[in-house]
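Trainee: The structure under discussion is supplied below as structure tokens; questions concerning it will follow.
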Protein chains: 2
Amino acid sequence: MKTYTIKDIAKLAGVSKGTVDRVIHKRGKVSQKAFDAVTKLLEEIDYQPNPMARNLKNNKIYDICLVLPNPEEDSFWEPCILGANQAIEEFKSFGVNIKLFFYSPTSTKSFQDVNNKVLKLKPDAVLLTPLFYKESVSVAKNYQLAGIIVSIFNNQIDSKQVVSFVGQNLFQSGRVAAQLMHMIVPEKSEVVIVHIDETFNNAIHMQQKEKGFRDYFGEFRGTNNNVSVLSVKQENLYQSLIEFLKSNQNISGIFVTTSKAYKVVEILQQNNFKNIKLIGYDLLTENIDLLKSNIISFLIHQSPKTQTYLGLTYLVEHFLFKKEIPSKKLLPIDIVNSENLGSYLEN
Amino acid sequence: MKTYTIKDIAKLAGVSKGTVDRVIHKRGKVSQKAFDAVTKLLEEIDYQPNPMARNLKNNKIYDICLVLPNPEEDSFWEPCILGANQAIEEFKSFGVNIKLFFYSPTSTKSFQDVNNKVLKLKPDAVLLTPLFYKESVSVAKNYQLAGIIVSIFNNQIDSKQVVSFVGQNLFQSGRVAAQLMHMIVPEKSEVVIVHIDETFNNAIHMQQKEKGFRDYFGEFRGTNNNVSVLSVKQENLYQSLIEFLKSNQNISGIFVTTSKAYKVVEILQQNNFKNIKLIGYDLLTENIDLLKSNIISFLIHQSPKTQTYLGLTYLVEHFLFKKEIPSKKLLPIDIVNSENLGSYLEN
DNA sequence: GTGAAAGCGCTAACAG
DNA sequence: CTGTTAGCGCTTTCAC
């Protein structure tokens, strides 16, 4: 169980450390004979360089920028700061420097401005949430041209420039919501999918959840529940929802595809609608309180904190230990109710 | 954003690297004057030693032994091997050597024998599942006397010799099961808690789950569901269960406190009992199939793989990076149904 | 008490 | 093409 060093290999192959290093790093300038001898040995003993020593030499400070929507404008993003802080704490003594940047989730302009600012800083990598599709693709291109690694999380875009995505399978999470709904509403009752958006930049996000939700109920078509959709901008929510519910008296369940389930609850309570089951997303404090009192039945947890922490960790370990960055990491779709809530909040 | 080294500090304090090192490690033999100067500087710049360099010198191989029940006797433990392999893979190039040892979950003797064998190997740390309470306490003492760090996972014991526990809040997981059950069985129907055990070594485990389950239903006492208990050894399960169900015709839900829900299903199916909802534990392949076909409604995931991986990781990072080992880590209580199952299996 | 020096494993520059 | 050498930051030994 000995662990071999480059020195050992040099001795065994009858060459110097320098030559072994050249073989390992394919720097050329090695005779065929030496190359073969060393290669053979490396394979035989399954040589793994000591990551500590490798890094020690390379005394560089790695700069990573995290770009996400301002949590003050949408508290969904708050846990990301905790995830970032955890990574900052954990890696600071390794010479990793993580900086946070916020853009306004309602402004493509602000998204572009912030990213241009980051671009000028020339960090080693950027982790961002690509809320705006088109702009994100172009931003990613710019980063790549500048030799900056780009990872994304939470929202997915299709771009070769992006090395890694951390998030959730949204279609499937729609199915999960549907099954839970199916379980808690009466047979043959009506349920409605409510999309609430400020600027429709979440369109893709919400569509996938809707598809999954419908897909599930589609398997029971004819015999079972009836699914409708209400798609509104946030400022019209009150009026539209009331109207909808008045003309659809049999609604027994609402699936809110964003983290704004608590807004729907407000309206239901003000207008004295009872016996409507609710399923939504994300452990915002407003949602948590309603979950605890069982006014919301289930929340699906998208783990923004873990997403952020993982996205950053992949980048750091790539720099520090030359680990491969997973191109796609789909987190579990956590079902949260009032009883297991605490166990998620602790983590 | 410069990162300071002991060389910098030595220069600033007008002393040598050696003196700085002595101050940092409180090795004494430093004049008050030098001590004060260096201490002040260390605090001012919040000095963090470079963990890579620190470890490089210390070219030691760390031996960690993992002791758990033989997965061939109880497949619940299978994922632990995956978790262990992940840790082995990840840390092997850091000079960490993790070895696995199995004992028979039905034999205290085998538990003791295996641990004695491990003790003789004098590893740096042991991670074990203390299935047998009394024996585990004594085993932990022996390890500690030999200067071996002991961590435990999955099962908890009360022992000062144990530095870390990774697992789940079982009482709370019982409550989670109860709430789910409450949601899927008719009002005022009867539910039963089934404990299945080979040797009653899981007694504490199962009791806590039962307490949580009862606690939840207790909050609805009088108006609601009636909870009974069936406690059997595995070999008597068939007969006892049939008998119980025949004399309790109104049972509409069964909560199985171990990973053996599939055994209960077998019996129900053979005897043509219908419309009984099932909630159990753990993603064993037998359970997974029944979950997929919705014969089991929910499984609570105890994440044995993650438990193992985390338990090992804490030890490794303690040795390698002098990180503190968390004395207690409670994992989320994951609710798994047929729709979010896939997202857990991938992870 | 203290400083100087060697060395952990790896990299990279330099001389041959 | 190849070997030697210096040095990353820290620890430890040794001599003063």
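The numbers here are math on the coordinates, done by the rules we state, and not lab data. The structure displayed is predicted, hence computed values, not measured ones. Cβ atoms come from the backbone with ideal geometry, glycine included; neighbour counts cover every protein chain shown.
Trainee: Between rounded, prolate and oblate, where does chain B land on the alpha carbon gyration tensor, with a ≥ b ≥ c its root eigenvalues, rounded for a/c under 1.5, else prolate if a/b exceeds b/c?
Mentor: Since a/c reaches 1.5 and a/b is larger than b/c, the shape of chain B is classed as prolate.
Trainee: Could you tell me whether the stretch A:6-49 comes out rounded, prolate or oblate from its Cα gyration tensor? Rule is a ≥ b ≥ c as square roots of the eigenvalues, rounded for a/c under 1.5, then prolate if a/b exceeds b/c, otherwise oblate.
Mentor: In terms of gyration-tensor shape, rounded.
Trainee: Could you work out the relative contact order of the stretch A:233-317? I mean the mean sequence separation of Cα pairs under 8 Å and 6+ apart, divided by the number of residues, in percent.
Mentor: With pairs under 8 Å counted, the relative contact order is 24 percent.
Trainee: Over the stretch B:4-135, what is the relative contact order in percent, taking alpha-carbon pairs closer than 8 angstrom and at least six residues apart?
Mentor: Value for the stretch B:4-135: 24 percent.
Trainee: Shape verdict for the protein assembly as shown, please, from the Cα gyration tensor: rounded (a/c under 1.5), prolate (a/b greater than b/c) or oblate. Walk me through the numbers on the way to the answer.
Mentor: On the way: a/c = 2.03, a/b = 1.28, b/c = 1.58.
Verdict is oblate for the protein assembly as shown.
Trainee: Report the GluC sites (Glu not before Pro) located in the stretch B:36-86 that are in a DSSP loop and have at most 16 other Cβ atoms inside 10 Å of their Cβ, or state none.
Mentor: B:E72, B:E73
Trainee: Still on this structure, please answer the following. To the nearest 20 Debye, how big is the dipole of chain B about its Cα centre, given +1 on the beta carbon of each Lys and Arg and -1 on that of each Asp and Glu?
Mentor: With Lys and Arg at +1 and Asp and Glu at -1, about 1760 debye.
Trainee: Among DSSP beta bridges lying fully in chain B, give the percent that are antiparallel, nearest 5.
Mentor: 5 percent
Trainee: Let me ask another. Between A:K117 and B:A203, what FRET efficiency comes out of the Förster formula 1/(1 + (r/R0)^6) with R0 = 51 Å and r the beta carbon distance, rounded to 0.05?
Mentor: After rounding, the FRET efficiency stands at 0.25.
Trainee: Averaged over B:336-346, how many beta carbons belonging to a partner chain fall within 10 Å of each residue's beta carbon?
Mentor: 6
Trainee: A further question follows. Quantify how strongly other chains surround peptide A:46-57 by giving the mean number of their Cβ atoms within 10 Å of each of its Cβ atoms.
Mentor: 4
Trainee: Quick one: if you stick a label point 7 Å off each Cα along the C-beta vector at A:K26 and B:N250, how many nm between them?
Mentor: Each label point lies 7 Å from its Cα, and together they span 7.4 nm.
Trainee: Could you list the GluC sites (Glu not before Pro) in the stretch A:163-199 that lie in coil according to DSSP, counting only those with at most 12 other Cβ atoms within 10 Å of their Cβ?
Mentor: A:E187
Trainee: Right, something else. From the label point of A:K246, set 7 Å along Cα to the beta carbon, how far off in nm is each other copy's matching point, shortest first?
Mentor: In nanometres, ordered from closest: 6.2.
Trainee: Cut-off is 10 Å between beta-carbons; in what order do A:R27, A:R214 appear when sorted fewest neighbours first? Mind dumping the intermediate values first?
Mentor: Working: A:R27 11, A:R214 17.
With the fewest neighbours first, A:R27, A:R214 line up as A:R27, A:R214.
Trainee: Using the alpha-carbon atoms, what tilt in degrees (0 to 90, nearest 10) does helix B:133-145 show relative to the longest principal axis of chain B?
Mentor: 10 degrees
Trainee: Return the average number of partner chain Cβ atoms within 10 angstrom of each residue Cβ along peptide A:93-102.
Mentor: Mean inter-chain Cβ contacts per residue within 10 Å come to 2.
Trainee: Tilt of helix A:261-270 relative to the longest C-alpha principal axis of chain A, in degrees (0 to 90, nearest 10)?
Mentor: 20 degrees
Trainee: Let me ask something additional. With +1 on each Lys and Arg Cβ and -1 on each Asp and Glu Cβ, and nothing else charged, work out how big the dipole of the stretch B:188-347 is about its Cα centre, in Debye to the nearest 20.
Mentor: Here the stretch B:188-347 has a charge dipole of around 300 debye.
Trainee: Dividing the Cα convex hull volume of the stretch A:170-301 by residue count, how many Å³ per residue is that?
Mentor: Each residue corresponds to 95 Å³ of Cα convex hull volume.
Trainee: If you don't mind, there's one more thing I want to ask. Among A:M52, A:I288, A:T108, flag the residue with its Cα farthest along the positive direction of the charge dipole of chain A, charges on Cβ as +1 for Lys/Arg and -1 for Asp/Glu.
Mentor: Highest projection toward the positive end goes to A:M52.
Trainee: Here's another thing I want to ask about it. What does the copy distance list look like for B:N97, label position 7 Å along Cα→Cβ, in nm and ordered from shortest?
Mentor: 4.1
Trainee: Continuing with the same structure: Quick one: compute the contact order of chain A, relative version, from alpha carbon pairs under 8 angstrom and 6+ residues apart, as a percent. Walk me through the intermediate numbers first.
Mentor: Numbers: 550 pairs, mean separation 56.4, N = 347.
About 16 percent, as a whole number.
Trainee: Local charge sum around B:K117 (other residues, Cβ-Cβ under 13 Å, Lys/Arg +1, Asp/Glu -1)? All intermediate terms of the calculation are to be shown ahead of the outcome.
Mentor: Numbers: positive: B:K99, B:K109, B:K120, B:K122; negative: B:D113.
Taking every other residue near B:K117 into account, the sum is +3.
Trainee: Over the protein assembly as shown, what is the percentage of antiparallel beta bridges among all DSSP beta bridges, to the nearest 5? Spell out each step's value before the answer.
Mentor: Numbers: 6 of 90 bridges.
Here the antiparallel bridges make up roughly 5 percent for the protein assembly as shown.
Trainee: Within straight cross-link reach of A:K246, meaning Cα distance under 17 Å, which aspartates and glutamates are found once same-chain residues fewer than 8 apart are removed?
Mentor: List returned: A:E190, A:E266.
Trainee: Hey, another quick one. If you average the alpha carbon positions of the stretch A:201-276 and of the stretch B:114-169, how far apart do those two centres end up, in angstrom?
Mentor: Measuring centre to centre over Cα atoms gives 52 Å.
Trainee: Right, something else. Tell me which trypsin sites (Lys or Arg not before Pro) from the stretch B:136-211 have a DSSP coil assignment and no more than 10 other beta carbons within 10 Å of their own.
Mentor: Of the trypsin sites (Lys or Arg not before Pro), the ones in loops of the stretch B:136-211 whose Cβ has at most 10 other Cβ atoms within 10 Å are B:K160.
Trainee: Right, another one. Cα axis of helix B:203-218 to longest principal axis of chain B: angle in degrees, 0 to 90, nearest 10?
Mentor: 70 degrees
Trainee: List the lysines whose alpha-carbon lies under 27 Å from that of A:K40, not counting same-chain residues fewer than 8 positions away?
Mentor: A:K2, A:K7, A:K11, A:K17, A:K26, A:K29, A:K57, A:K322, A:K323, B:K60, B:K92
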